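What follows is one structure encoded as structure tokens, with my remarks underneath.
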Amino acid sequence: MLLATLACKATEPIRRVLFIGDSMTGWLAERLEAYGTLNGFEVSTVIWDGSTLPKWVNSGKLPSLIKTHKPDAVFICLGLNEILAKDMNARMSKPVAALEQQLEGIPFVWVGPPTWPGKSTGQAFNDWMKTHIHGTGHYFDSQALKLPRQSAGNPHPTRAACASWMDAVVHWLPSADI
């Protein structure tokens, strides 16, 4: 079962997943929903194009979504709009802490952004995130994936690439110390 590893932190099996994120989220969520159909869980997806972690935590959307959807686990796909930022500690420390607080102990998987073609790889962002996610959260570093893009220089992978990307996350889940 896809989310069996997350269930070890929960008292009940995972039946409801909330998937939030930026513009990268749509086709990833489509693939996660297919896994849900096969494995007995439903996925509610909320996409906020152009969003960043500070926007999410300052908006109050996440606590409202948690109250509405009552997820057993949360998937997060944020970072593309922050991948090239300077001083990750100053930019991300407070928002990451706020996000973890807003999740109220719900297990979560953060799907990090892939590289941005023609730009810096974003490895500083990914390295920072891997060392600063705490508690019930786990970070999937997408930097090493070779994902075909919608066009040259476009950071958004194709639909097929997003399916492969989510497959990589799913295959990684059992090895994540969740």
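The values are calculated or read from the model by the stated rules, or taken from the named source; none is laboratory data. In this text the structure is predicted, and so the values were computed from the model without any measurement. Because the Cβ atoms are built from the backbone with ideal geometry, glycine has one as well, and the counts that use them run over all protein chains shown. Side chains are part of the model used for accessible areas, which takes the heavy atoms of the whole protein and leaves out ligands, DNA and RNA. Shrake-Rupley method; radii C 1.70, N 1.55, O 1.52, S 1.80 Å.
For this structure, a couple of remarks:
- Number of residues in segment 40-78 that are farther than 25 Å from F125 by Cβ and among the acidic types (D, E): the value is 2.
- So W110, is it under 20 Å from S23 (Cβ atoms) and touching a helix residue (DSSP H, G or I) at 6+ places or on another chain (Cβ under 9 Å): yes
- Among (1) in a helix (DSSP H, G or I); (2) open to solvent by less than 30 Å² (accessible area, probe 1.4 Å); (3) closer than 22 Å to E30 by Cβ, the one test that M92 misses: (3)
- Extreme residue, farthest from the chain's Cα centre (by Cα), among residues of segment 138-178 that are free of Cβ contacts under 8 Å to residues at least 40 places away in the same chain and under 26 Å from A90 (Cα atoms): A144
- Counted residues, segment 117-167 - those being closer than 19 Å to T25 by Cβ and not in a loop (DSSP other than H, G, I, E, B): 18
Okay, residues lined up against (1) aliphatic (A, V, I, L, M); (2) more than 14 Å from the chain's Cα centre (by Cα); (3) farther than 21 Å from S23 by Cα:
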position: V74; (1), (2), (3): yes, no, no
position: N81; (1), (2), (3): no, no, no
position: W128; (1), (2), (3): no, yes, yes
position: T136; (1), (2), (3): no, no, yes
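- Annotation note: of Q101, Q123, the sole residue that is open to solvent by 40 Å² or more (accessible area, probe 1.4 Å) and at pLDDT below 90 is Q123.
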